[in-house]
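This report concerns only the one structure given below.
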């Protein structure tokens, strides 16, 4: 599947109603891939990822050289959907000096003394850089929506916490992202869509293999009890915040290698779509470069 088509295939159309059941967690419906066997599919996906990494590395260099745009990549998912490994594999080809990763856990007292967007704003990438959010301000409409008691710690003004409250929070996020886009930030948002069956399989693997015990958290198992509540929260959130300026991409995550191929293709293609070119130097700078070249060519030995 060509990258342009892949972008359209996984993008949630702005203004549409997103339903989790309408988006597969595996590669069913991805007709081109049905011709491959299991191992062939893995090899094909790995080749796609490598090719996209090379394209992304080139695009990152131009991003840095132009110093006008920044890239913000957001990953949201249920536990064990593969966010960490996605970041590791998909961003492995970029220059670490131009890339930063922020993971967001329980907010601190200082963060709770500010608006819910404050702590995320502090980690935004500067111009020329790539920023990755492992979870993001969307936790404020997902985990907080599922566990409304968390709102009590946010020191909000009195008021009802019904549909209007969440509608306003979606509006705040949309306005925040629109501001970022208008000022040169390309925002790519990925929901890694994993099935409850695959999550169970990955949890059991963590409990069975000693080298993976450290990955398991009993709290993750507790959150699994709220699966349907989370799916409802994702549906509302993605429906309300998949916009023209910052659309959502729903990625089938039951097969990690396919998810990586899809995400790497979308990121590399969307950065290329910025149309960045190598900066053109001024006539004065060009003269200095030419003089430096002549000096180097005439040099017999350093220091002589």
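The values are calculated or read from the model by the stated rules, or taken from the named source; none is laboratory data. No experiment lies behind these values; they were computed from the predicted model shown. Please note: Cβ atoms are built from the backbone with ideal geometry, for glycine as well, and neighbour counts cover all protein chains shown.
Observations on the structure shown:
- Residues that are touching a strand residue (DSSP E or B) at 6+ places or on another chain (Cβ under 9 Å) and not in a strand (DSSP E or B), drawn from the stretch 65-94: 69, 78, 81, 82, 83, 84, 86, 87, 90, 91, 94
- Among residues of the stretch 280-295 that are part of a helix (DSSP H, G or I), those with a beta-carbon under 8 Å from a residue that is surrounded by 10 or more Cβ atoms within 10 Å (Cβ to Cβ) at least six positions away or on a different chain give the pairs 289/281.
- The one condition from (1) surrounded by fewer than 22 Cβ atoms within 10 Å (Cβ to Cβ); (2) modelled with pLDDT of 90 or more; (3) under 20 Å from residue 57 (Cα atoms) that residue 266 does not meet is (1).
A quick yes/no check of all residues on (1) touching a helix residue (DSSP H, G or I) at 6+ places or on another chain (Cβ under 8 Å); (2) buried (at least 21 other Cβ atoms within 10 Å of the Cβ); (3) modelled with pLDDT of 90 or more; (4) closer than 21 Å to residue 242 by Cβ:
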site: 55; (1), (2), (3), (4): yes, no, no, no
site: 59; (1), (2), (3), (4): yes, yes, no, no
site: 64; (1), (2), (3), (4): yes, no, yes, no
site: 71; (1), (2), (3), (4): yes, yes, yes, yes
site: 84; (1), (2), (3), (4): no, no, yes, no
site: 95; (1), (2), (3), (4): yes, no, no, no
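- Of all the residues in the stretch 211-253, those that are assigned to a helix (DSSP H, G or I) and more than 18 Å from residue 86 (Cα to Cα) number 25.
- In the set 189, 200, 215, only one residue is modelled with pLDDT under 95, touching a helix residue (DSSP H, G or I) at 6+ places or on another chain (Cβ under 9 Å) and either buried (at least 16 other Cβ atoms within 10 Å of the Cβ) or farther than 24 Å from residue 119 by Cβ (or both); that residue is 215.
- So residue 207, is it part of a helix (DSSP H, G or I) and touching a strand residue (DSSP E or B) at 6+ places or on another chain (Cβ under 9 Å): no
To keep it simple, each residue is scored yes or no on (1) under 15 Å from residue 78 (Cβ atoms); (2) within 24 Å of the chain's Cα centre (by Cα).
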| residue | (1), (2) |
| --- | --- |
| 194 | yes, yes |
| 222 | yes, no |
| 225 | yes, no |
| 234 | yes, yes |
| 241 | no, yes |
| 250 | yes, yes |
| 258 | no, yes |
| 293 | no, no |
| 300 | no, no |
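- Identity of the residue in the stretch 270-290, over 14 Å from the mean Cα position of the chain (by Cα) and closer than 30 Å to residue 142 by Cβ, that ends up surrounded by the most Cβ atoms within 10 Å (Cβ to Cβ): 274
- Contacts under 8 angstrom Cβ, first residue in the stretch 117-128 being more than 22 Å from residue 170 (Cα to Cα), partner in a helix (DSSP H, G or I), 6 or more apart: 128/63; 128/64; 128/65; 128/66; 128/98
- Applying the condition of being in contact (Cβ under 8 Å) with a residue 12 or more places away in the chain and either part of a loop (DSSP other than H, G, I, E, B) or out of contact with any helix residue (DSSP H, G or I) (no Cβ under 9 Å at 6 or more places or on another chain) (or both) to the stretch 254-277 and asking which residue is farthest from residue 84 (Cα to Cα) yields 277.
- Only one of the numbered conditions (1) under 22 Å from residue 90 (Cα atoms); (2) out of contact with any helix residue (DSSP H, G or I) (no Cβ under 7 Å at 6 or more places or on another chain) is not met by residue 132, and that is (2).
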